[in-house]
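What follows draws every value from the coordinates through simple rules; no lab data is involved. Since the model is a prediction, treat every value here as computed from it, not as a measurement. Positions of Cβ are generated from backbone atoms using ideal geometry, with glycine treated the same way; all protein chains shown enter the neighbour counts.
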Amino acid sequence: MKMKAPGAVLLLLWSGVVVVVVAAESGDTATASTQQSCQPDIHTVLREMSALVVEQRVELRYTKTQVEAMETRLRASEKIVEEQRAVIKELKEKQEEQAAAVRAVGGRVNLTGSQVEELRREREERRVAFSASLVALGDETFGPFKDATPLVFKNPFINIGSAYNPNTGVFTAPVRGVYHFVFFIFGNGHASTATGVSLYKNAQHTVIAYSQQAGMYVKPSNGASLLLEVGDVVYLKLWPNGWARDNGNFHTTFSGHLLFPM
């Protein structure tokens, strides 16, 4: 009996299942028929595999989008962390200010934020002091004038609290309290012209520095402690028909400071 050689065998692996396809020899009608019937199944497998690749690509793009979204949220979280660090730093600074305020009152007390702020404001208000010369440069003589004329001391050496205005020559009390003022005036000696300056509280004359002699120079001075309400003003006026002089040596000065609040 004559044996026919078997045809070629094709093995395909699809979804974990081995598919056996036997290729028939030429002339073997039954085997060829079997091969023809298997070919559509192979095409189906290829189409399904192609569809699977497309689906995986879509999933990959979706995963990439998710990763980008997570990176965006991460950057936003980092920004929030930095903002929170800034807030914590600010709170620590305020805590240190509160501790300093507690030490300033000499004990351990429980203070609210508004109370600490009030203590800080009061401490700043107590720091009031100024001193200024009549001129900053050159050599100038002011007066004589027929009427009493305000003097503007334009060259402040110090102006803590900014209560003195070098543009107007007026000191304005920032808090109710006792203030002390002194003024030194330099002038030329003259037989008919005096060197005289008066200290005013609001519109009221208080004390005067006055001197007159025929020649050389004169340097009268004076001072006073005054109880001032908030907004009261203090300034100097040149005495009528009097004069005052200053130069780069700063002979003529006006100074004041808060002794204590009331």
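Backbone phi angles across the range 228-241, fed through the Karplus curve with coefficients 6.51, -1.76 and 1.60 (θ = phi - 60°), yield HN-Hα couplings of 10, 8, 4, x, 5, 10, 9, 7, 10, 10, 5, 5, x, 6 Hz in residue order; Gly and Pro are listed as x.
As a proxy for reagent exposure, Ile160, Ile185, Ile208 were ordered by neighbouring Cβ count within 10 angstrom, fewest first; the result is Ile160, Ile208, Ile185.
Computing FRET efficiency as 1/(1 + (r/R0)^6) for Asp41 and Thr72, where r is the C-beta to C-beta distance and R0 is 51 Å, gives about 0.60.
Place a point 7 Å from the Cα of Ala100 along the Cα-to-Cβ direction; which residues of the range 162-206 have their backbone N under 20 Å from it? The answer is 162, whose backbone nitrogens lie closer than 20 Å to the label point.
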